[in-house]
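Right, one structure below, let's go through it.
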Amino acid sequence: MEKEKRPSKDSGCHPAYRPDIDGLRAVAVLFVVLFHAFPSHLRGGFVGVDVFFVISGFLISSIIFKSVDAGAFSLSDFYGRRVKRIFPALFLVLLSSYLFGWYFLLENEYEQLGKHIASGAAFISNIVLFTESGYFDSAAELKPLLHLWSLGVEEQFYIFWPLLVMLAWRKGVSLAWLIAGVFVVSFSLGIVTIKNNEEAAFYLPLTRFWELLAGSLLAWLKLYAEPVGSAVETGKGKAFLNKANVFSLVGVLFLIVAVTQINERSEFPGYWALFPVLGAVLIIAAGPQAWVNEKVLSSRLFVWVGLISYPLYLWHWPILSFGYILEDGSPAVATRLLGVAGAFLLAWLTYQFVEKRVRSRVGGKKILVLVFAMSGIGLVGLATYLGNGFGFRLNSNLAMDEQAIKQEREQYWSEISGSGFRDDATNILIFGDSQAFDIYKALANDDRFGLKIYQTSFECAAFMMPKWGAEKNAESCRQNFATMISSPEIQDAEIFVYAAHWQMAGEPEDAEAFYRQAVAEIKALNPEIKVVFFGPKPLIGETWLSINAITKGQRSLPLMNASLNEKRWLRPEETDYARSMAGRLGVDFIDTEEVFCAGGCPFYENNKFSYFDQLHWTEFGASLFMTKLKARGEFQSLVQ
């Protein structure tokens, strides 16, 4: 670092306050909040986190560089400031989530919350979430502390970054080369990883560090590369399109592209993350005198939101997530608006009465108190996780308890091969994924049928499609079809039933060719066989915990039934797709949704549940479907 031009020591180690950066924080947090509250309206809003990474890298690296250069850097002081900045609001959110969950969450929900509190307190949420399911999967909205993954990435970065900077300073290594080297390694690793494991690229720290380093590089440029650091920021020139304004406007354009063009199907972070990252870099580089920065981002409203952006980020998602949980995964618009308003109120209270006081008054001993408090809530979360969610909290005097549902689920899935073909029966060969097993269980209620099933536990593509979802599942699906087509049952069966999850968006554009090829192969082996496609089943709540919630008296059965019938049941687009596919192939079609929901979609009857999770029937649900199928006579006409 001796070769780099140093800022004067009397300039202080903290960068001058820039209200426009608080305004940029406001933009970032509003992106995230609006995305979580109304995901279909701002599908790329999650890129606000990437903007936060850049801001953090810029500000914190500026402090580190100047402190190290001035010989005033102290690891204990640095981490003490991090504790004062991060711990107070985070502790409040973790404690509040735990207390709320005590009264409203079920065993499995509370067990998971405990694990996430422990990982959040230890700043390893990103690692723990990586071992679970994806950020965009259906269960994501049922994880109230999902958003803490970003804190994990950030704090993991600051464990190593100050040490690397100090080492470079002592060894005389240029900061520019250090930043560039780690940046290239991290970015390249992210590009390679996303091709094989998108969740790893999203959550793991090494594939995200480059975003913070983008801010670090800008900090270096402003401190040590005078032509870049000052000429741009001053916005010299009378013309509106001076360097500062061009940088700022292009940065805004990049952010607009990011929030409007990036969505959950994009390969993200990857190359797409360059849009929010470069957008934030350009806006910060433009400096406070750029028109957008001065007139918009530095306005009182944007600065106010920016000042409460950290507690707002922490509060908003637990509130919205609990709304998803308590309203069966589909909270009303009013509920979400109220949740956002509540998050703003709590964020302001936290900033005004907690953060401001802690930052100005906390000394060394009180920092230890914060550390012990965070450790304590983490240990409480860990105990809750190890205690399986402390089920003693809940009522247990109603119909099916959680253990009963688990036992039924295990028993339901225990028979997977079928009852076998018989000479005195109509023999039916059933093929597909777990949805095929539900149809098998329904048909098993009629002793006129001899049944054989070939199914996988995955959401399988139809027959021999080369790609569908995760590649690890595709191979199992292809093998399942190959085993079935070579079995003796294919020639002995009178009816071939295909049942699957039917996700139109997940199938390739040439899906019909694979369906047609499979039907042709089946007909070639058994020209007399009748081929029947069963359409998709109705959906209910996001997880089987929705059902258990009623049994524990935690949530209202009438409210649940209303939610299911109004919002959660039918999938007309998928049903139309399945019906159209069957029609084009000239095979018979049974509308599973229409049959099951004739006279209303029964979720709970005679103290029994028809589903034990989002998409799978109980024994009662399967028998109920068969009763309704017989009443309609559609399937009976096929077996005569």
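Nothing in this text is a laboratory measurement; each read-out follows from the coordinates by a stated rule. Bear in mind that the values here come from a model prediction, so they are computed numbers and not experimental data. For neighbour counting, all protein chains shown are included, and Cβ atoms are generated from backbone atoms with ideal geometry for every residue, glycine included.
Quick one: which of 295/356; 530/630; 66/222; 66/243 span more than 20 angstrom between C-alpha atoms?
With Cα atoms farther than 20 Å apart: 295/356; 66/243.
Can you tell me the Rg and Dmax of segment 13-388, counting just the alpha carbons, in angstroms?
When restricted to the Cα atoms of segment 13-388, Rg and Dmax are 20.3, 67 Å.
Roughly speaking, what is the stretch gain from residue 627 to residue 373, that is 0.36 nm per residue apart minus the C-alpha to C-alpha distance, in nm to one decimal?
Using 0.36 nm per residue and subtracting the Cα-Cα distance, I get 85.7 nm.
For segment 169-182, what does the Karplus curve 6.51 cos²θ - 1.76 cosθ + 1.60, with θ = phi - 60°, yield as ³J(HN,Hα) per residue in whole Hz, taken in order and with x for Gly and Pro?
Going residue by residue, I get 4, 5, 8, x, 7, 5, 4, 4, 5, 4, 4, 4, x, 5 Hz, with x marking Gly and Pro.
Rounding to the nearest 20 debye, state how big the charge dipole of segment 13-388 is about its Cα centre with +1 on each Lys and Arg Cβ and -1 on each Asp and Glu Cβ.
Values: 28 positive and 24 negative charges, 309 e Å.
So the dipole magnitude of segment 13-388 works out to roughly 1480 debye.
Could you calculate the FRET efficiency of residue 132 with residue 197 from 1/(1 + (r/R0)^6), where r is the beta carbon distance between them and R0 is 22 Å, rounded to 0.05?
Once rounded, the FRET efficiency stands at 0.95.
At what distance in angstrom do the alpha carbon centres of segment 320-357 and segment 297-312 lie from each other?
Cα centroid to Cα centroid, the span is 17 Å.
Measuring from label point to label point, each 7 Å out along Cα→Cβ, what is the residue 241 to residue 414 span in nm?
7.6 nm
For every other residue with a beta carbon closer than 13 angstrom to the beta carbon of residue 369, add +1 if it is Lys or Arg and -1 if Asp or Glu, then tell me the sum. Don't skip to the answer; put the middle values down first.
On the way: positive: 84, 361, 365, 366; negative: none.
With Lys, Arg at +1 and Asp, Glu at -1, the neighbours total +4.
Evaluate the distance, in nm, between pseudo-label points positioned 7 Å from the Cα of residue 41 and of residue 598 along their respective Cα→Cβ axes.
Going by the 7 Å Cα→Cβ label model, 4.1 nm.
Could you state the number of Å between the C-alpha centres of segment 47-122 and segment 256-292?
23 Å
Restricting to Cα pairs below 8 Å that are 6+ residues apart, what does the relative contact order work out to for segment 13-388? Please round to a whole percent.
Details: 568 pairs, mean separation 118.7, N = 376.
Reported as a whole number, the value is 32 percent.
Hey, which of these cross-link pairs are over 30 Å Cα-Cα: 143/195; 115/537; 195/523; 115/366?
The answer is 115/537; 195/523.
On a full-extension model of 0.36 nm per residue, what is the gain between residue 487 and residue 523, subtracting their alpha-carbon distance, rounded to one decimal in nm?
11.6 nm
Between residue 261 and residue 81, take the C-beta separation as r, use R0 = 45 Å, and let me know the FRET efficiency to the nearest 0.05.
Once the sixth-power term is evaluated, E becomes 0.75.
With θ taken as phi - 60° and the coefficients 6.51, -1.76 and 1.60, list the Karplus ³J(HN,Hα) couplings across segment 123-128 in order, rounded to whole Hz; mark glycine and proline as x.
Per residue, the Karplus-derived 3J(HN,Hα) values read 6, 10, 4, 4, 5, 5 Hz.
Please arrange 492, 50, 591 by how many other C-beta atoms lie within 10 Å of their C-beta, fewest to most.
Details: 492 14, 50 29, 591 18.
Least to most surrounded, the residues fall as 492, 591, 50.
Once label points are set 7 Å from the Cα along Cα→Cβ at both residue 95 and residue 296, what is their separation, rounded to one decimal in nm?
4.0 nm
So, by mean Cβ neighbours within 10 angstrom, what's the order for 179-192, 52-65 with the highest one leading?
Put in order of decreasing packing, that is 52-65, 179-192.
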